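Take a look at the structure below.
The values are calculated or read from the model by the stated rules, or taken from the named source; none is laboratory data. Values in this document were obtained by computation on a predicted structure and should not be read as measured data. Glycine gets a Cβ as well: all are built from the backbone with ideal geometry, and neighbour counts include every protein chain shown.
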Amino acid sequence: MTLPDPSPSGACTPASDPSPTGARTTSSDRAADRPRAPRHPQGSGALRSLLPVLGAHRATVLRTCLAALVDQAALVALVTLAAHTVGTAVIGHRPPSPTTVAVLIGLVLLRALATWREMDLSHDLAYRVLAELRVRVFDGLARSAPARIAGRRSGDLAATALGDVEALEFFYAHAIAQLLASGLVFAVAATLLGVLGPWLLLAVVPAALLLLWSPLLEARGRAERGARTRAALADLSAESVESVDGLRELLMAGALGRTRARLRSGGRRLARAQRAEQSWETGAGAVRDLLVVAAVIGVVAAAAHATGGGRLDGAWAPAAMALALGALAPVAESAAALGRAGSLRAAAARVRAAVHAPAGAPAPASPLPVPPGPLGLRLRGVRFGYGSGPVLDGLDLTVRPGETVALVGASGAGKTSCAHLLARYWDPRDGAVELLPEGRTHPVDLRDLTEDGLRAAVCVVGQEAPLFHGTLAENLRLGAPDATDQELAAVVRVCGLASVVDALPQGLDTPVGERGAALSGGQRARVALARGLLGRPRVLVLDETTAHLDHRGDEELARALAADSRARTRTTLIIAHRPATVRRADRIAVLDGGRIVEEGTWDGLIRTGGALTRLFSRAGENREAAATADSAPPR
């Protein structure tokens, strides 16, 4: 995985996986927040739906079709003229004239040039379209995340973004231009055959119709076989990616043998699917060849009969056979292209589903600007769930500008759902999530803000901090590409990363490895907070950001937040389980049953012995039970 281009808006890129299932956490809060992944549609119009992407390449498409037409027409003219020349030499005992030889040589050169030009243009067109499709697939996944990617394996997503798109190269490079050119060439060739003798069409036209009808007849079977192949390939890709990503864990668990067995089984399943698909293609190719040969034999028989009856000049008999072959060969290739395109329906459907995925949070029709100055936030009457029932049921929570509020609750209470709504991964079913400008009475609904405006104002930093394959500096600048070296050094110092940077061989220019493998979990948490602060958000949401840190690291990051120059005006919502983290907040809100059931300061809530006291009492009992179980002697 390579480091993506930073957002041009300088918006904060959340460090946590936007999918509720993406974070590696023991909290069942994320398990409760898990939607179902949608299935990929398998429609006959999947390939047709991907044709509009050619709209931006009309000139190249036209040149490609013209080159294909010249290529096929030159071939038909070449074999027909050559056959007529041979017939004239054998039957009429007349050698070819210099003009005929010159034309034959010219046709050979023209076809060579046209073939090269058609291959060059068609592949240039296909690769440009595929590059655009990959971006559209990424945009679709990003637009619909996390709902669309929840529950899906990263290898499966990679198979769609790369493998399925790559499989469409044949469709864009060959099928479209070949179909158009073959139709025109066959029409002209059939007209010439009709001029030579209408009875010749009786052998050619039925064969052409059968050739074109055969891929339509077996379209369902081709689609099913193609779907099995794409599904097996996606499963094997997902299994391979996960196995490589978790290689150390598999080694420590002694599970390498079982993993090899799964990979071997997946490889065999893919091989069976590919073998079945290719075997059918080979058989279909043989049938097409037999149809062409039968048609040519029919033309030869008809031409011989016509020549014997004096209705056709004998020199034209070989030419008629060559003309029939030249006309049917492109039709047979087009039928093969149609058949192969039919087997790509599964890949096209997966790409279409990604490209046209609906937005989880639609863009506003009339966006509003983000108000200047400090911003608070408010969740007002929020109801939200993932289909099985409400997670948040009429939640009301207000965080004033510059205030720090801790949101606590039992695992599965919906705290992470609140963070996702504030990041606008989803919109609430009822109620509103709003920003509160300081000193103003009118809040601004997040649904009325542009994506760039929202990301610049609100930053969500999650428990996991996935880093990209790049340098530490590039990862820190992910949400603030224009940050200066001085700003970068300041945030590194504030977040306690100075000692980490000093220990790295190339400092900030040290590659961190895929997913930040060169750093520890605690160091990645500091990087996540640092890149969040570097974007200068006015609202900061910390969703279990310090879970990987010990108490000392937690205190250091708390001091870092307090020492930041914008701490007094920044609004902070902290989602945490650790009492030391919670008690540092200005105010605490306890979430239970989808609503805020208790609010106040730490001392005040503890004295009342309400929901907060019961929550941490249960947490303490669970920790004590776990410690007792760990220390018990083995039986």
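Inspect all residues belonging to the range 255-267 and state whether any of them is of a type in the set (D, E, K, R), surrounded by 13 or more Cβ atoms within 10 Å (Cβ to Cβ) and in contact (Cβ under 8 Å) with a residue 24 or more places away in the chain. The answer is no; no qualifying residue exists. Evaluating LEU542 against the criteria (1) under 19 Å from ILE575 (Cβ atoms); (2) touching a helix residue (DSSP H, G or I) at 6+ places or on another chain (Cβ under 9 Å); (3) at pLDDT below 75 leaves one unmet condition, (3). Checked against (1) buried (at least 23 other Cβ atoms within 10 Å of the Cβ); (2) under 27 Å from the mean Cα position of the chain (by Cα), CYS495 meets all criteria but (2). For the range 208-221, state whether one or more residues are in a helix (DSSP H, G or I), surrounded by 18 or more Cβ atoms within 10 Å (Cβ to Cβ) and within 30 Å of the chain's Cα centre (by Cα). The answer is yes; a qualifying residue exists. None of THR100, THR160 is farther than 30 Å from PRO362 by Cα and either assigned by TED's automatic domain parsing to the domain that holds VAL76 or modelled with pLDDT under 75 (or both) except THR100. Tell me yes or no: at least one residue of the range 243-253 is touching a residue at least 40 places away in the same chain (Cβ under 8 Å) and polar (S, T, N, Q). Within the range 243-253, none of the residues are touching a residue at least 40 places away in the same chain (Cβ under 8 Å) and polar (S, T, N, Q). Does ALA480 satisfy the condition of being buried (at least 23 other Cβ atoms within 10 Å of the Cβ), in a helix (DSSP H, G or I) and either among the small types (Gly, Ala, Ser) or assigned by TED's automatic domain parsing to the domain that holds HIS420 (or both)? Considered against the rule, which asks whether it is buried (at least 23 other Cβ atoms within 10 Å of the Cβ), in a helix (DSSP H, G or I) and either among the small types (Gly, Ala, Ser) or assigned by TED's automatic domain parsing to the domain that holds HIS420 (or both), ALA480 comes out as no.
Residue count for the range 555-571 satisfying the condition of being modelled with pLDDT of 75 or more and surrounded by 20 or more Cβ atoms within 10 Å (Cβ to Cβ): 2. Among residues of the range 120-148 that are modelled with pLDDT under 85 and crowded, with 17+ Cβ neighbours inside 10 Å, those with a Cβ under 8 angstrom from a residue that is among the polar types (S, T, N, Q) and in a helix (DSSP H, G or I), sequence gap 6+ or separate chain, pair up as VAL137/THR160. Of VAL244, VAL292, all but one fail to be of a type in the set (A, V, I, L, M, F, W, C) and either surrounded by 18 or more Cβ atoms within 10 Å (Cβ to Cβ) or within 25 Å of LEU216 (Cα to Cα) (or both); the exception is VAL292. Counting the residues of the range 483-505 that are without any contact (Cβ under 8 Å) to a residue 24 or more places away in the chain and either part of a loop (DSSP other than H, G, I, E, B) or among the aliphatic types (A, V, I, L, M) (or both) gives 6.
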